[in-house]
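Enquirer: The structure under discussion is supplied below as structure tokens; questions concerning it will follow.
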Amino acid sequence: MTVEEREQRWAEAMRAERRGDAVAYERTLKEVATALRRSLAPRLVRAGLGAHEAEDLVQEILIGLHGKRHTWDSARPFLPWLHAITRYKLIDFTRHRRRETRRRVDLPLEDWLEIVESPADEANRSMAEVDRHLAVLPVSQRKIVRAIAVEGASVRDVALGFATSEGAVRVTIHRAIRRLLGPAEPTR
Amino acid sequence: MTSTDDLIRSLASAAGARRSASLHAAFAVTVAASLACALLLVFSVIGVRHDFADMAVSIPFGFKLAYTGSLVVGTSVVALYAATPGASATALYALAPAVIFLALGVIFDPTAFPITGRTNTAVAFCVISILFLSLPAMILTFVVMRQGAPTQPLFAGAVIGMLSASVGAMAYTLACKNDGTAFVATWYTAACAIMAFIGVVVGHRVLRW
């Protein structure tokens, strides 16, 4: 299809749309979509976006075409009108996508400082974390929890070490867990 | 692909729902309404010059009217161009008369009034009055511009700003006490530039579609 043929065909269909001819309009929208799909993919790649984004952009352009079709003067050529809309939507789309990407990869200052900070020993840091959390427990519970959960001792060893029964150790652990979860629960 | 086909089907079902609206008519009506609002503000807030009857037949008033009138017509045509995708850029020539009047006013000032006006506050009063009078036009023309399809939102915003200022300036001619054509050409244009800048800022936010 040459440019002149396409111009005539689409302009005629857009005039038909104004008379309420949904069939001609649908057929033309499909042709426009096909033509756009073909021409936009390489442009998107050149703009640094993936070719798979073309379908989103095609839909944007179709919606724009549909929403602003009253601004086409039927006495004037249709293709320049469509081209201006395509160009606007392409620019708007790439700008929008770029802003989105920036937001996704942009690092807030605090995160950046964390990266720059001297890499503290991971193990030490997590131990300090654990101690901080366990600080809410009474001393006797804290010792038992530390022994089992952090140092990995068995319930039997702990019972022997603290000179109590295994049952008492289990009860202490349960109480400690309930206590540890307690303050966090309201937020869940 | 299928989602696009669905979209196309739903768009096509609305065929014929929209008559081709004449943006020409919409802009003409809006500019007339804006001018009426601005005139109302001149009569009610600023006040018409008391020697208006004598002034109305003088050359300075003729110049003011010619300059602001050519600006209103020129910027209206360019606004229509900005609202229509793929319109011919020859519409920009519509601003030529205003530019010619501007140049004539600055170069061949027949009056001997200073360019800064008759009093120290003349410039500030004049510019601020025009900005004030252009507010109704600004709102109305932005509404109409949104009905159109501006493919260059910043440019469209700037043109709307200039159009609004021209309407405000045209109404202000009834009140303006400074008759120097150089004064008019300079400071009326400055008001246009300020409104154009505001129009760019607003257009960037309001005219996307």
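Let's see how each residue does on (1) at pLDDT below 95; (2) open to solvent by 50 Å² or more (accessible area, probe 1.4 Å):
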{"position": "B:Gly105", "(1), (2)": "yes, no"}
{"position": "B:Thr151", "(1), (2)": "yes, no"}
{"position": "B:Phe183", "(1), (2)": "yes, no"}
{"position": "B:Cys192", "(1), (2)": "no, no"}
{"position": "B:Arg205", "(1), (2)": "yes, yes"}
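Enquirer: While we're looking at this one, here's another question. Can you confirm whether the range A:28-37 contains a residue that is of a type in the set (Ser, Thr, Tyr), assigned to a helix (DSSP H, G or I) and within 13 Å of chain B (Cβ to nearest Cβ)?
Expert: Here is the first cut: in the range A:28-37, the residues of a type in the set (Ser, Thr, Tyr) are A:28, A:34.
Cutting the leftovers down to assigned to a helix (DSSP H, G or I) gives us A:28, A:34.
Within this subset, residues satisfying the condition of being within 13 Å of chain B (Cβ to nearest Cβ) are A:28, A:34.
Yes, that holds for at least one residue.
Enquirer: Which condition number in (1) under 21 Å from B:Cys37 (Cα atoms); (2) assigned to a helix (DSSP H, G or I); (3) touching a residue at least 12 places away in the same chain (Cβ under 8 Å) is the one that B:Ala175 fails?
Expert: Unmet for B:Ala175, out of (1) under 21 Å from B:Cys37 (Cα atoms); (2) assigned to a helix (DSSP H, G or I); (3) touching a residue at least 12 places away in the same chain (Cβ under 8 Å): (2).
Enquirer: Within 14 Å of another protein chain (Cβ to nearest Cβ), under 13 Å from the mean Cα position of the chain (by Cα) and open to solvent by less than 20 Å² (accessible area, probe 1.4 Å): does that describe B:Ala171? Spell out the reasoning first.
Expert: On the way: within 14 Å of another protein chain (Cβ to nearest Cβ): no; under 13 Å from the mean Cα position of the chain (by Cα): yes; open to solvent by less than 20 Å² (accessible area, probe 1.4 Å): yes.
In short, no.
Enquirer: If you take the residues in the range A:80-91 that are open to solvent by 30 Å² or more (accessible area, probe 1.4 Å) and facing chain B (nearest Cβ under 8 Å), which one is farthest from A:Ser39 (Cα to Cα)?
Expert: Selected residue: A:Pro80.
Enquirer: Could you grab me the full set of residues in the range A:1-19 that are open to solvent by 40 Å² or more (accessible area, probe 1.4 Å) and either assigned to a loop (DSSP other than H, G, I, E, B) or aromatic (Phe, Trp, Tyr) (or both)?
Expert: Once the filter is applied, which keeps residues that are open to solvent by 40 Å² or more (accessible area, probe 1.4 Å) and either assigned to a loop (DSSP other than H, G, I, E, B) or aromatic (Phe, Trp, Tyr) (or both), the range A:1-19 yields A:Met1, A:Thr2, A:Arg19.
Enquirer: Let me ask you something else. Kindly establish whether A:Ala24 is small (Gly, Ala, Ser) and at pLDDT 90 or above.
Expert: Numbers: small (Gly, Ala, Ser): yes; at pLDDT 90 or above: yes.
Here the answer is yes, as A:Ala24 does meet what is asked.
Enquirer: Same structure again: Looking at (1) closer than 30 Å to B:Phe27 by Cβ; (2) under 21 Å from the mean Cα position of the chain (by Cα); (3) of a type in the set (Asp, Glu), which one does A:Glu17 not meet, given that it meets all the others?
Expert: So the condition that A:Glu17 fails would be (2).
Enquirer: Looking only at the range A:97-112, count how many residues are open to solvent by 100 Å² or more (accessible area, probe 1.4 Å) and β-branched (Val, Ile, Thr).
Expert: To start, the set of residues in the range A:97-112 that are open to solvent by 100 Å² or more (accessible area, probe 1.4 Å) comprises A:98, A:102-106, A:109-110, A:112.
Next, from what is left, pick out any that are β-branched (Val, Ile, Thr): A:105.
Total satisfying the criteria: 1.
Enquirer: So in the range B:15-42, with the set limited to residues that are facing chain A (nearest Cβ under 7 Å) and surrounded by 13 or more Cβ atoms within 10 Å (Cβ to Cβ), which one is modelled with the highest pLDDT?
Expert: Top of the filtered list is B:Leu23.
Enquirer: Another question about this same structure. Within the range B:59-66, identify whether any single residue is among the hydrophobic types (A, V, I, L, M, F, W, C) and without any contact (Cβ under 8 Å) to a residue 24 or more places away in the chain, and answer yes or no. First the steps, then the outcome.
Expert: Taking the range B:59-66 and keeping what is among the hydrophobic types (A, V, I, L, M, F, W, C), we get B:59, B:61, B:63, B:65-66.
Still in the list and also without any contact (Cβ under 8 Å) to a residue 24 or more places away in the chain: none.
No, the range B:59-66 contains no residue that is among the hydrophobic types (A, V, I, L, M, F, W, C) and without any contact (Cβ under 8 Å) to a residue 24 or more places away in the chain.
Enquirer: Hey, does the range B:158-166 have a residue that's polar (S, T, N, Q) and within 15 Å of the chain's Cα centre (by Cα)? Talk me through it step by step, then tell me what you get.
Expert: Initially, the range B:158-166 is screened for residues polar (S, T, N, Q), giving B:164, B:166.
Among the residues that remain, those that are also within 15 Å of the chain's Cα centre (by Cα) are: B:164, B:166.
Yes, the conditions are met somewhere in the range B:158-166.
Enquirer: Turning to a different aspect of this structure: Taking the range A:49-69, which residues are without any contact (Cβ under 8 Å) to a residue 40 or more places away in the chain and open to solvent by 20 Å² or more (accessible area, probe 1.4 Å)? Give the derivation first.
Expert: In the first step, residues of the range A:49-69 are kept if they are without any contact (Cβ under 8 Å) to a residue 40 or more places away in the chain; the result is A:50-52, A:54-68.
Of everything in the range A:49-69, those that are without any contact (Cβ under 8 Å) to a residue 40 or more places away in the chain and open to solvent by 20 Å² or more (accessible area, probe 1.4 Å) turn out to be A:Gly50, A:Ala51, A:His52, A:Glu55, A:Asp56, A:Gln59, A:Glu60, A:Ile63, A:His66, A:Gly67, A:Lys68.
Enquirer: Another question about this same structure. Is it fair to say B:Ile139 is touching a residue at least 24 places away in the same chain (Cβ under 8 Å), among the hydrophobic types (A, V, I, L, M, F, W, C) and out of contact with any Lys or Arg (no Cβ under 8 Å at 6 or more places or on another chain)?
Expert: Working: touching a residue at least 24 places away in the same chain (Cβ under 8 Å): no; among the hydrophobic types (A, V, I, L, M, F, W, C): yes; out of contact with any Lys or Arg (no Cβ under 8 Å at 6 or more places or on another chain): yes.
Considered against the rule, which asks whether it is touching a residue at least 24 places away in the same chain (Cβ under 8 Å), among the hydrophobic types (A, V, I, L, M, F, W, C) and out of contact with any Lys or Arg (no Cβ under 8 Å at 6 or more places or on another chain), B:Ile139 comes out as no.
Enquirer: Return the only residue of B:Ser134, B:Ser129 being of a type in the set (Gly, Ala, Ser) and more than 30 Å from B:Thr84 (Cβ to Cβ).
Expert: Working: B:Ser134 fails: more than 30 Å from B:Thr84 (Cβ to Cβ).
Going through B:Ser134, B:Ser129 in turn, just one is of a type in the set (Gly, Ala, Ser) and more than 30 Å from B:Thr84 (Cβ to Cβ): B:Ser129.
Enquirer: Can you pull out every residue in the range A:21-48 that is more than 20 Å from A:Leu79 (Cβ to Cβ) and either surrounded by 20 or more Cβ atoms within 10 Å (Cβ to Cβ) or in contact (Cβ under 8 Å) with a residue 60 or more places away in the chain (or both)?
Expert: The one that is more than 20 Å from A:Leu79 (Cβ to Cβ) and either surrounded by 20 or more Cβ atoms within 10 Å (Cβ to Cβ) or in contact (Cβ under 8 Å) with a residue 60 or more places away in the chain (or both): A:Leu44.
Enquirer: Considering every residue within the range B:139-146, establish whether at least one is within 14 Å of chain A (Cβ to nearest Cβ), assigned to a helix (DSSP H, G or I) and over 15 Å from the mean Cα position of the chain (by Cα).
Expert: Initial filter on the range B:139-146 (within 14 Å of chain A (Cβ to nearest Cβ)): B:144-146.
If we keep only those that are assigned to a helix (DSSP H, G or I) as well, we get B:144-146.
Filter once more, so that each one left must be over 15 Å from the mean Cα position of the chain (by Cα): B:146.
Among the residues of the range B:139-146, at least one is within 14 Å of chain A (Cβ to nearest Cβ), assigned to a helix (DSSP H, G or I) and over 15 Å from the mean Cα position of the chain (by Cα), which makes the answer yes.
Enquirer: Being basic (Lys, Arg), part of a loop (DSSP other than H, G, I, E, B) and modelled with pLDDT under 95: is that true of B:Arg118 here? Explain how you work it out, then say what you get.
Expert: On the way: basic (Lys, Arg): yes; part of a loop (DSSP other than H, G, I, E, B): yes; modelled with pLDDT under 95: yes.
Against the criterion (basic (Lys, Arg), part of a loop (DSSP other than H, G, I, E, B) and modelled with pLDDT under 95), B:Arg118 qualifies.
The values are calculated or read from the model by the stated rules, or taken from the named source; none is laboratory data. Remember, predicted model here, so these are calculated numbers, not experimental data. A quick note on method: Cβ atoms are made from the backbone with ideal geometry, for glycine too, and the neighbour counts reach across all protein chains shown. What goes into the accessible areas is simple: the full protein's heavy atoms, side chains included, and nothing from ligands, DNA or RNA. Shrake-Rupley method; radii C 1.70, N 1.55, O 1.52, S 1.80 Å.
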